[in-house]
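The block underneath contains the structure these notes are about, expressed in structure tokens.
Coordinate-derived values only; no laboratory data. Here the structure is a predicted model, which is why all the values come from computation and not from measurement. No Cβ is skipped: glycine too gets one built from the backbone with ideal geometry, and neighbour counts run over all protein chains shown.
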Amino acid sequence: MEPISETSLVTPAEIIRVEGVDLGYGGHALLQDLCFSVYSGEIITILGGSGCGKSTLLKALVGLLPVMKGRVVVGGEDITDQDPETLTRARRKMGVLFQSGALLGSLTLAENVALPLREFSTLPAEFIDAVVGFKLNQVHLTNYDHYMPAELSGGMRKRAGLARAMVADPEILFFDEPTAGLDPITAAEMDQLILQLNASLGTTMVVVTHELTSILAISHRSIMLDRERHGIVAIGAPRVLQTESTDPLVQAFFKRQPGVIG
Amino acid sequence: MDPAILEISSTADGELILTPKVPLNEQMVQRLWREIRQALAQHPPKQAVFDFREVHAMDSAGLALLLVVQGYCRARGIVVRHQGGGANVTRFLGFLDATAPAVGPAEIHHREHWVARLGGAFWENLLDAREMVSFSGSVVTAMARLFTGARRFRWRETLYYVEMCGANAMPIISLISFLMGLTMAFQAAVQLRQFGANIFVADMLSLAFTRELGPILTAIILAGRSGSAFAAEIGTMKVNEEVDALTVMGFDITEFLVMPKIYALGLAGPLLACLSSWMGLAGGLVVGVIGLDLTVGSFMQEAYDILNLSDVLTGLVKGFAFSILIAAVGCLRGLQTGQGADSVGRQTTSAVVSGLFLIIFADAIFTVIFHVFDW
């Protein structure tokens with residue numbers, strides 16, 4: 001692959017660029033030669049069966065997992081080399097919602113959400129309280145600020161995790177299975193929340209999921225991964241993939257046919 | 001006031017028009033707030049109008065500023081109005097009305113009266129005591145089932161814990177007991193030498209370690225080492241819903257998770273107490289031989305003469321009882337774990353503290369009983 005000049009790395013609308021990336025653990029590449037871009041303001045879903053490397057890809061995008069080969073550029077920062085300063089700069093532009101919400105059990109909801117601001121911003125306490133109130137309001141948890149995470153349902157914990165992820169106004173929000181383990185109504189509410197936040201704040205969203213309903217409801221584009229082929233098998237608008245893709249895996253995924261994945 | 005940050009003008013109707021000239025973001029909001037507060041304090045208006053036509057960027061910190069300003073003005077009866085601003089500003093202004101200060105449940109959480117808190121704490125302790133009694137009942141029932149042959153003994157798990165809590169604890173118990181014996185003998189030697197009663201250091205140490213210090217030292221180390229480990233192990237299983245899974249699969253949690261630990265400590269505890277007594281005596285022996293001109297033979301003979309069977313048995317009984325208490329309270333605290341990692345930490349601490357309390361409490365009871373029956 002030809003070297004790319006610094007200026008050509010990210011075009012104005014391009015917020016994430018993945019170039020020829022190999023990913024895996026212990027020297028074994030789970031995903032090979034991944035190439036795709038994410039554009040500012042879009043909601044992109046990463047799909048695939050269990051164990052195909054969706055969460056691995058997400059970890060690489062947020063700099064938690066070093067890539068074996070290739071380059072990852074997020075928000076104009078090349079995080080491939082895992083340089084701590086570059087990673088810190090890149091992470092200021094991102095928020096991550098982990099699968100369980102990952103709230104700290106010893107802090108109240110408000111304290112959890114305020115944590116990044118108290119640590120990394122210069123805002124005085126009354127401003128932080130106002131931002132926390134605003135963020136909790138955005139995820140419909142206005143009156144739960146004094147609750148401990150253990151006192152909340154799974155869906156509420158995820159929403160609180162989302163409030164914390166976006167408290168510092170990130171340019172990109174990453175979601176790891178945001179609707180996994182939620183009942184259909186709560187899952188639909190989470191989807192609606194993602195759409196609302198995207199529409200109101202224009203935040204770019206990268207969502208790892210295998211929930212078909214969510215994929216169709218929220219995605220502007222989808223990237224489908226396959227464990228057998230160690231990489232991307234399709235990229236496009238999910239409705240288009242659903243109706244026009246001739247790939248047997250894509251068809252099976254959208255038609256919920258057994259026996260093709262894994 | 002700095003017109004480069006905030007432009008201020010007023011109208012004939014008593015309106016104060018505030019025009020921020022900088023982005024409403026984290027870097028600027030504190031300076032802007034100082035300017036705005038100063039302007040509002042100097043000329044308190046009936047209405048404050050914020051004109052955002054020169055604001056090109058805004059983030060959540062800017063929204064926080066507007067919320068703070070709104071609260072400030074509301075308290076002083078000033079009406080706030082917003083005008084102008086591009087898409088960057090208006091999309092945040094849309095959230096301004098929706099972000100009302102928290103009301104409702106937050107207000108219910110006022111501080112309780114101290115009598116209510118005292119009552120609450122008493123009630124919680126009462127519930128804890130009830131759980132302890134109920135748990136003790138289930139342990140005894142499980143033991144009875146084993147002895148009546150209704151259930152099999154879990155050898156593999158029990159031996160695993162015997163090794164983990166017994167064999168692996170031998171070095172630390174030996175070392176601490178040896179050093180304790182050494183220290184006690186040194187302290188006693190200073191006094192005993194004055195009366196030419198050097199040999200009585202053997203009497204003192206053998207009685208103290210066999211009846212009291214051996215079991216107590218062992219129990220304290222077991223509480224810190226094994227009681228906490230049991231609580232953390234079961235607590236983590238609880239948090240990970242493994243205990244629920246076992247229950248659903250039909251396992252009796254007491255029999256499956258608790259009893260092997262209790263049997264293991266019940267077996268290892270008295271043996272470790274014996275080891276502790278021996279090592280304490282060994283420490284005393286070293287001081288006796290080196291510092292008090294005693295021979296190994298005379299020291300051992302004196303210890304042999306002063307000890308009788310009841311001394312050894314009371315030590316063993318205490319060692320057994322303390323170990324059972326530590327294992328039981330460790331497992332109980334583990335099973336009482338709620339949700340979250342902090343709960344595991346709390347219960348682990350509680351396992352050690354409760355274990356130590358129960359050891360001392362039980363020791364006091366044993367001392368009274370042994371005194372009454374002259375054992």
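Could you work out the relative contact order of chain B? I mean the mean sequence separation of Cα pairs under 8 Å and 6+ apart, divided by the number of residues, in percent.
Relative CO of chain B lands at 17 percent.
Counting partner chain Cβ atoms within 10 Å of every residue's Cβ in A:129-142, what's the average?
That average works out to 5.
So if I place +1 on the C-beta of Lys and Arg and -1 on the C-beta of Asp and Glu, and nothing else carries charge, what would the dipole magnitude of the protein assembly as shown be about its Cα centre? I want it in debye, nearest 20.
600 debye
Using Cα pairs under 8 angstrom and six or more residues apart, how large is the relative contact order of chain A, in percent?
Relative contact order, chain A: 23 percent.
About the Cα centre of the stretch B:6-108, what is the dipole size in debye to 20, counting +1 per Lys and Arg Cβ and -1 per Asp and Glu Cβ, all else neutral?
140 debye
Using only Cα atoms, figure out Rg for the protein assembly as shown and give it as a multiple of 2.2 N^0.38 Å.
1.34
Tilt of helix A:154-165 relative to the longest C-alpha principal axis of chain A, in degrees (0 to 90, nearest 10)?
Tilt relative to chain A: about 90 degrees.
Ranked by Cβ crowding within 10 angstrom, fewest neighbours first, how are B:Thr295, A:Thr56 ordered?
B:Thr295, A:Thr56
List the pairs from A:Lys93/B:Lys21; A:Lys135/B:Lys46; B:Lys261/B:Lys318; A:Lys54/A:Lys135; A:Lys59/A:Lys135; A:Lys135/B:Lys21 whose alpha-carbon separation is above 23 Å, in the order I gave them.
Violating the 23 Å limit, Cα to Cα: A:Lys93/B:Lys21; A:Lys135/B:Lys46; A:Lys54/A:Lys135; A:Lys59/A:Lys135; A:Lys135/B:Lys21.
Roughly how big is chain A's charge dipole about its Cα centre, with Cβ charges of +1 (Lys, Arg) and -1 (Asp, Glu), in debye to the nearest 20?
It comes to approximately 440 debye.
Less than 17 Å from a label point 7 Å out along the Cα-to-Cβ axis of A:Ser40: which backbone N atoms in the stretch A:57-77 qualify, by residue?
A:73-77
Just need the Rg to Rh number for the stretch B:254-375, please, alpha carbons only, Kirkwood Rh.
My calculation puts Rg/Rh at 1.12.
So for chain B, taking the charge dipole from beta-carbon charges (+1 Lys/Arg, -1 Asp/Glu), which of B:Gly77, B:Leu316, B:Ser60 sits furthest toward the positive end?
B:Gly77
Hey, with R₀ at 35 Å, roughly what FRET efficiency would B:Thr236 and A:Asp81 work out to, going by the Cβ-Cβ distance, to 0.05?
0.45
If neighbour count is taken as other Cβ atoms inside 10 Å, put B:Trp123, B:Trp33 in order from fewest to most.
Sorted ascending by nearby Cβ count, the order is B:Trp123, B:Trp33.
If I model a spin label as a point 7 Å beyond the Cα along the Cα-Cβ vector, how far apart are those points for A:Gln192 and B:Ser138 in nm?
The modelled label-to-label distance comes out at 4.1 nm.
Between A:Leu107 and B:Thr90, how high is the FRET efficiency from 1/(1 + (r/R0)^6) when r is the Cβ-Cβ distance and R₀ = 30 Å? Nearest 0.05.
Computed FRET efficiency for A:Leu107 and B:Thr90: 0.35.
Out of the stretch A:154-185, which trypsin sites (Lys or Arg not before Pro) are coil in DSSP terms and have no more than 12 other C-beta atoms within 10 Å?
Sparse-neighbourhood loop trypsin sites (Lys or Arg not before Pro): none present.
What is the fewest-to-most order of B:Cys274, A:Cys35 by other Cβ atoms lying within 10 Å of their Cβ?
With the fewest neighbours first, B:Cys274, A:Cys35 line up as A:Cys35, B:Cys274.
Tally Lys and Arg at +1 and Asp and Glu at -1 over the other residues with C-beta under 13 Å from the C-beta of A:Lys69: what net charge comes out?
Once all neighbours under 13 Å are counted, the net charge is -3.
At 0.890 mPa s and 25 °C, plugging the Kirkwood radius over alpha-carbon pairs of chain A into Stokes-Einstein gives what diffusion coefficient in µm²/s?
My calculation gives 129 µm²/s for D.
Could you pull the Cα extents of the stretch B:153-372 along its three principal axes, largest to smallest, in whole Å?
69, 33, 32
With an 8 Å Cα cut-off and a minimum separation of 6 or more residues, compute the relative contact order for the stretch B:153-372 in percent.
Normalised by residue count, the contact order of the stretch B:153-372 is 35 percent.
In whole Hz and in residue order, list the ³J(HN,Hα) couplings for the stretch A:52-66 that follow from phi through the Karplus curve 6.51 cos²θ - 1.76 cosθ + 1.60, θ = phi - 60°; x for Gly and Pro.
Using θ = phi - 60°, the values come out as 7, x, 4, 5, 5, 4, 4, 4, 5, 5, 9, x, 7, 10, x Hz.
Return the average number of partner chain Cβ atoms within 10 angstrom of each residue Cβ along peptide A:157-169.
1
Per residue of B:360-368, what is the mean number of Cβ atoms on other protein chains within 10 angstrom of that residue's Cβ?
Per residue, the number of nearby Cβ atoms from other chains is 0 on average.
Can you work out the FRET efficiency for the pair B:Phe357 and B:Thr183, with r the C-beta to C-beta distance and R0 = 22 Å, to the nearest 0.05?
For R0 = 22 Å, the calculated efficiency reads 0.30.
B:Ile172 label point, 7 Å along Cα→Cβ, cut-off 20 Å on backbone N: hits in the stretch B:248-281?
Residues B:261-280 fall inside that zone.
For chain A, with the dipole built from +1 on Lys and Arg beta-carbon atoms and -1 on Asp and Glu ones, taken about the Cα centre, which of A:Val139, A:Thr179, A:Pro124 lies farthest toward the positive end?
Final value for the positive-end residue is A:Thr179.
For the stretch A:12-143, restrict the atom set to alpha-carbon positions and state the Rg and Dmax in Å.
Rg, Dmax (Cα atoms, Å): 17.2, 50.
Hydropathy first: keep DSSP H helices in chain B averaging at least 0.5 on Kyte-Doolittle, then drop any whose Cα extent along the axis falls short of 27 Å, and list what survives.
B:114-147, B:170-194, B:259-291, B:309-335, B:341-372
Compute the distribution of all C-alpha to C-alpha distances in chain B, in bins of 10 Å from 0, and list the percent of pairs in each, rounded to whole numbers.
With 10 Å bins starting at 0, P(r) equals 5, 17, 17, 12, 10, 10, 10, 10, 7, 3, 0, 0.
Among the aspartates and glutamates, which have Cα under 12 Å from the Cα of A:Lys69 when same-chain residues fewer than 8 positions away are ignored?
A:Glu19, A:Asp22, A:Asp33, A:Asp81
Less than 18 Å from a label point 7 Å out along the Cα-to-Cβ axis of B:Ile199: which backbone N atoms in the stretch B:277-307 qualify, by residue?
Label zone hits: B:285-307.
Roughly speaking, what is the stretch gain from B:His43 to B:Arg74, that is 0.36 nm per residue apart minus the C-alpha to C-alpha distance, in nm to one decimal?
9.6 nm
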